[in-house]
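First the structure, in the form of structure tokens, and then the observations on it.
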Amino acid sequence: MKEDPTDDPGPPPRYQWRETWKGEGHRDYQAWDGPRSFGRIMLEETGTMRKQWRWSINHIDGVKRHLPDHNGWQPSPRLAAQKVEDHYERLAALNGLEIHTRR
């Protein structure tokens with residue numbers, strides 16, 4: 001993730017985060033666990049949630065049972081990434097999915 005962590009109160013990411021639209025300047029990232037994409041965060045630049053980070057869980061192959069609150073808002077990219085990563089790990093445990101990489 002290319003965001004400056006200086007004023008970000010969240011913990012360092014545990015998984016790899018890549019730009020969703022590489023080279024286009026969007027503040028939009030996807031989470032990866034090895035070959036599996038599992039979530040996304042993006043900065044809302046307009047509207048009522050301006051300057052908030054939206055987080056969401058992607059469709060994940062092998063997930064049959066879901067958990068509530070699969071998306072939401074956080075004030076910083078690291079806090080949003082933490083929500084995605086925590087939700088992914090709970091989904092993996094609930095559905096018996098192997099975690100491939102974790103820092």
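Values quoted throughout were computed directly from the atomic coordinates according to the rules given, and no laboratory measurement underlies them. Computed from a predicted structure; not experimentally measured. Glycine gets a Cβ as well: all are built from the backbone with ideal geometry, and neighbour counts include every protein chain shown.
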Worksheet item: What is the magnitude of the charge dipole of the chain about its Cα centre, with +1 placed on the Cβ of each Lys and Arg, -1 on the Cβ of each Asp and Glu, and no other charges, expressed in debye to the nearest 20?
Response: 200
Worksheet item: Between the helical axis of 77-95 and the dominant principal axis of the chain, each derived from Cα atoms, what acute angle in degrees is found, rounded to the nearest 10?
Response: 10
Worksheet entry | Estimated 222 nm signal from helices in the chain, with DSSP H stretches of n ≥ 4 weighted -39500 (n - 2.57), rounded to 500 | -6500 deg cm²/dmol
Item to complete: Kindly provide the trypsin sites (Lys or Arg not before Pro) of the stretch 1-47 that DSSP labels as loop, not H, G, I, E or B, and whose Cβ sees at most 12 other Cβ atoms within 10 Å.
Response: Lys2, Lys22
Worksheet item: Nearest 20 debye, what's the magnitude of the dipole of the stretch 1-49 about its Cα centre given +1 on Lys and Arg Cβ and -1 on Asp and Glu Cβ?
Response: 340
Worksheet item: What's the FRET efficiency of His59 with Glu24 using the Cβ-Cβ distance as r and R₀ = 35 Å, to the nearest 0.05?
Response: 0.90
Worksheet item: What do the square roots of 5 times the Cα gyration tensor eigenvalues come to for the stretch 40-103, in whole Å, largest first, as semi-axes of the equivalent ellipsoid?
Response: 25, 12, 8
